[in-house]
Amino acid sequence: MLLDLQDVSKSYPTGEGVLQVLRGVSLALGAGESLALTGESGSGKSTLLHLAGGLDRPDSGAIRFEGKDIAGLGDRDLAAFRRVSVGLVFQQFNLIPSLDVRANLAFQARLGDRYDAAWTGRLTERLGLAGLLDRYPEQLSGGQQQRVAIGRALAGRPRLILADEPTGNLDEATGDAVLDLMLALMAETGAALLMVTHSTRLASRLGRRLHLAAGKLS
Amino acid sequence: MLTQGFVVLLSHWRRHKLQFAMLLLGLALATALWSAVQAINGEARASYARAAAVVGQDRLEQLARPDGTRFPQSGYIALRKAGWLVSPVIEGEKRFGAERLRILGVDPLTLPSEAAQVNVGAADIGLQRFITPPGVFIVSAETAERLKGVETPPLRISDALPPGMVLTDIGIAQGLLDAPGQVSRLLVAAKQPGHARPLAEVTPDLVRRAPPEESDLSRLTGSFHLNLTAFGFLAFAVGLFIVHSAIGLAFEQRRPAIRTLRAVGLPLGVLIMLMVVELLVLSTAAGLIGVALGYGVASLLLPDVAASLRGLYGAEVPGTLSVRPSVWGLGLAIAVAGTLASAASRLWRIASMPLLAPARPRAWSLASERALRLQAAGGLLLLAMAGLTVFLGSGLVAGFASLGAMLLGAALLLPIMLSALLKLGERLSTRVVAQWFWADTRQQLPGLSLALMALLLALAANAGVGTMVQSFRQTFVGWLDQRLPSELYVTTRSLDESRKVHDWLSSRSDAVLPIWNADLRLFGQPVQVFGVADHATYRDHWTMLEAVPDVWDRIARGEGVLANEQLARRQKLKLGDAIPLQAGVSLPLAGVFSDYGNPRGQVMMGVDGLVRLFPDASRLRYAVRIAPDKAPQLAAELRKAFGLPQGNVVDQETVKAFSLRVFERTFAVTAALNVLTLGVAGLAIFASLLTLSGMRLSQLAPAWAMGLTLRRLALLEVLRGAALAVFTMLAAAPVGLGLAWMLLAVINVEAFGWRLPMHLFPFDWLRLLLLAVASAALAALLPALWLTRRSPADLVKVFANER
Ligand SMILES: Nc1ncnc2c1ncn2[C@@H]1O[C@H](COP(=O)(O)OP(=O)(O)OP(=O)(O)O)[C@@H](O)[C@H]1O
Ligand SMILES: [Mg+2]
């Protein structure tokens, strides 16, 4: 298994006590597979995705990536894991505002020492970003920003891509186009995809689909 | 509705206590430094005014010799007989124990009513006691305190006298000053009987002078106080940077609240008014704290200021402060005005903000590039103006205007220079984190540039003033060595003793050199004339700036005089110019010597000429040449032989140490203000970083998500502060040099009348650099620590929908 979550729980302390978001979630994702995660707003989809990406740690349970448990890693090792193993695409604020598109595209790959100029050049072509390389994030439209985020996530050829409503801020046509591109490029690299989405229409285009409700998967 | 609006606005401060504290602190500090300077200046000026007003000298016309020397009492009697209502005054200095007092002798019976600030007929004094020996000394409470244990006539205290001055009967004073039958001047009563004979007939050698518009003291010390004021203003300006950034942050963060208030129907005008009221209340409160703080700072600094005023100018300023409404008023006014000025642009932006403007993150790259260029153009213009003012203008005010333009111009140029440097750093670095570091630092510039400008001002002022002080010190120390070559300096207590001491010393030392002097008015200013003997001591050591080839021969033959640099500069004297020493007597200028630390003009001539021209010159002091190892023995014997107090026979080292101490204390104030200004600049950076830390999270979160640890990011934040400080110091260095040059070559010449060579002290500059880096890194430390405490949940929120 590429990604293997076993009995993962997560809660947040809030003003009115502890909010139990995930109550023993288990999930497995093989290399090259794609999985859609749906659920109501506030059901904990993003929380689950962040745990899988090594951005946060669960209260209990195991998260194994290629057989290695990342739930117990320290800050430094978690950061190393993020640098090398996952590509992240969020709904917003994906990009580093002080870097231009060229530097944003290469940022994570160079951090993880996996930069490949030829591959990044190809990604740039495919994503239609060639004319935008010298621009800064604030000078891009929402769709353009998401395309850069996808390019950046793929530039280091990670084994796993985690996407949290990557097209949620875009209109339907643009969103579809962006998703098409992403799926095509993933097929090329053979990466696995875990994507959170509200839309059943988009979910249906992925290999599998899981629904999160009351802190459990079904 | 009004209260509701106010409550919403004010609730912001409850949630942002630190920000509130920064705003108050910045404003209070700025006001404090400014007010401290004002309080000190006010105290000094009041003291000068008191000195000038004693016995009505600031209101009454006076009769005196054109050269200011004393004249026989017979002139006074002649005038009284001719029908003039005049009253005699004698003035002079005398030492009592360690205290040097200014003695003012008056005749209580003829003193005009305008001049009678002290009623000597009052019960506690009594006219009879006043005029019969030993007489009565009327002094200020502070002088009385200083005279404790010293043998003097009985003391009486009066507020009308400045410290260091004694009012007593003219007969008593004549005795004390060794000037029997002599008077310094005559006070002319405002109302004169009509039938008096013309003055020119009765006393042709006296001239009638209108009361001076400005006392000698306030003219002499004017530049010193202007210097302090300039520093106070600089500190205030630096403090305003804090206020500006704190207000900026508060207004930025309250945008949503403001939009909501408007949306629910609060008119824009009312809203703006509420905010102005809020600012007024805040700035008044901070101003009050600031002025109170300022008095604290002032009372700490005043002893040093008083000591340097006494050492430099012989000006007596009391060591305690009195509360002055003008200081409070001015302090509050400048606090309120400064706050409103800092807030003006924010208020304007709110006034012109569309109701539904989205709360978009600040656009920076394009807009700020243009703004930077515009600002830089303004900076260049100011620098050009500074240059023009230096070369075309003249006077102290022009000098300070030029300084101000240079500092402000350099500050305006700073952001574009930093931006260029950071761009260069980005281009030169090959590692991805380094590239991001430089790019990200550049992105912070708009938010930090005001604070960095404040830092630039503080650093430049520190470097410039430091260089000036150290250059002065180096020159001064070297000059003192030459100026004080004699082994012993002796002050006798009377003419008779003087003669005996001279004879006693002549057979026991290599040479006894008279240091005799007379006070006179030359070119309308008080000038001291010294008589010197013809001796190798002067030929070998005296530092001449320019002189005719056989200068000492001419002085010895009485064919020329020397003038000190400040007199020569003020009067634009050239070698060979005639110096009018007395009516009908003038001698050509044979040389100009440097005389650092002396505010007054000074003339030197052969001692024989001095005695001939000014028979009443003081002939009490001597310099003694003797083998250095025999000096202590001789000093002890001399003290014993004549019963001279310790302070009347001092060795070279003691005189030098005293001069240096005066020097150090003079600049202790400057150093204190320097450090305070730097501290305020450090606070400004801290305030700005605090401002930015809110926006910072969304900029740092992507880098964190891509695999940088929070610790590393925090470390980079601190490094960023340090790097910016280094760059700012790089920019401040030339400004500091320019400042030092202006101070040494323009301001000092205008203010003091001497020009000093510039020396550079690399070690001091290095220390300043370290100080700057440390303060910037320290300012960045707290926000960085907060960053490491962030939980992942906080960071991922940035990417979630909620924002
Ligand atoms: N840092 C946090 N502190 C406290 N509560 C949190 C935090 N992050 C999320 N939550 C809460 O946890 C629950 C799950 O949040 P999460 O963002 O995972 O939901 P989601 O399914 O992604 O919702 P959406 O579809 O709206 O994005 C929500 O109730 C949310 O309010
Ligand atoms: Mg979510």
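Its relative contact order, with pairs defined as Cα atoms under 8 Å and 6+ residues apart, puts chain B at 17 percent. Compared with its chain on its own, region A:119-144 contains the following residues whose accessible area drops by 30 Å² or more in the full protein assembly (probe 1.4 Å; ligands, DNA and RNA excluded): A:TYR136, A:GLU138, A:GLN139. The spacing between region B:642-672 and region B:4-50, judged by their C-alpha centroids, is 38 Å.
The DSSP beta bridges internal to region B:59-211 are antiparallel in roughly 70% of cases.
The label-point distance for B:GLN4 and A:ALA130, in a model that sets each label 7 Å from Cα toward Cβ, rounds to 5.9 nm.
For the set B:ILE289, B:ILE138, solvent exposure ranked by accessible area (probe 1.4 Å, protein chains only) runs largest to smallest as B:ILE289, B:ILE138.
In chain B, the longest principal axis of the Cα atoms and the axis of helix B:365-392 are about 10 degrees apart. Of the solvent-accessible surface of the protein assembly as shown, computed with a 1.4 Å probe and all protein chains present, 59% belongs to carbon and sulfur. Take chain B and mark each of the GluC sites (Glu not before Pro) that is in a DSSP loop with at most 13 other Cβ atoms within 10 Å; the longest unmarked stretch, sites excluded, is B:215-801.
Along region B:16-23 the Karplus relation, 6.51 cos²θ - 1.76 cosθ + 1.60 evaluated at θ = phi - 60°, assigns HN-Hα couplings of 10, 5, 5, 4, 4, 4, 4, 4 Hz to successive residues, with x for each Gly and Pro. Remark: relative contact order (region A:3-217) = 31 percent; criterion is Cα-Cα distance under 8 angstrom and separation of 6 or more residues. Interface residues of region B:433-464, defined as those with an accessible-area decrease of at least 50 Å² between the chain by itself and the complete set of protein chains (probe 1.4 Å), are B:TRP436. A 1.4 Å probe, protein heavy atoms only, puts the accessible area of A:VAL84 near 50 Å².
Put a dot 7 Å past the Cα of B:ARG255, heading toward its Cβ, do the same for B:ARG370, and the two dots end up 1.8 nm apart. Set the bar at 26 Å for Cα to Cα. Now go through A:LYS216/B:LYS797; B:LYS500/B:LYS630; B:LYS94/B:LYS630; A:LYS45/A:LYS68; A:LYS68/A:LYS216 and name every pair that lies beyond it. Checking Cα-Cα distances, B:LYS94/B:LYS630 exceed 26 Å. For helix B:631-642, report the angle its Cα long axis makes with the longest principal axis of the Cα atoms of chain B; keep it between 0 and 90° and round to the nearest 10°. The answer is roughly 50 degrees. Relative contact order of region B:10-152: 17 percent, from C-alpha pairs under 8 Å at least 6 residues apart in sequence. Qualifying trypsin sites (Lys or Arg not before Pro) in region B:554-618, where qualification requires a DSSP coil assignment and no more than 14 other C-beta atoms within 10 Å, comprise B:ARG557, B:LYS572, B:LYS574. Interface B-A: total buried accessible area of about 2800 Å², 1.4 Å probe, protein heavy atoms only. Each stretch of four or more DSSP H residues adds -39500 (n - 2.57); spread over every residue of chain B, this sum gives -21000 deg cm²/dmol at 222 nm. Computed from Cα positions, the angle between helix B:2-15 and the longest principal axis of chain B comes to roughly 90 degrees.
Out of the DSSP beta bridges found with both residues in chain B, what percent are antiparallel (nearest 5)?
Antiparallel: roughly 75 percent of the beta bridges in chain B.
Where in region B:140-173 is the amide nitrogen less than 17 Å from a point lying 7 Å along the Cα-to-Cβ axis of B:ARG59? So the set is B:159-162.
By how many nm would the segment from A:ARG76 to A:ALA213 grow when fully extended, if each residue of separation counts as 0.36 nm and the alpha-carbon distance is taken off?
Between A:ARG76 and A:ALA213, full extension yields 46.1 nm more.
Accessible surface area normalised per residue over the protein assembly as shown is 42 Å², counting heavy atoms of protein chains with a 1.4 Å rolling probe. For the pair B:LEU18 and B:ASP481, the difference between a 0.36 nm per residue extended length and the Cα-Cα distance amounts to 161.2 nm. Note on B:LYS191: lysines with a C-alpha under 22 Å away, same-chain residues under 8 apart excluded, are B:LYS81.
The values are calculated or read from the model by the stated rules, or taken from the named source; none is laboratory data. Predicted, not measured: the structure shown is a model, and the values here were computed from it. For neighbour counting, all protein chains shown are included, and Cβ atoms are generated from backbone atoms with ideal geometry for every residue, glycine included. Remember, those area values only see protein heavy atoms, side chains included, never the ligands or the DNA or RNA. Shrake-Rupley method; radii C 1.70, N 1.55, O 1.52, S 1.80 Å.
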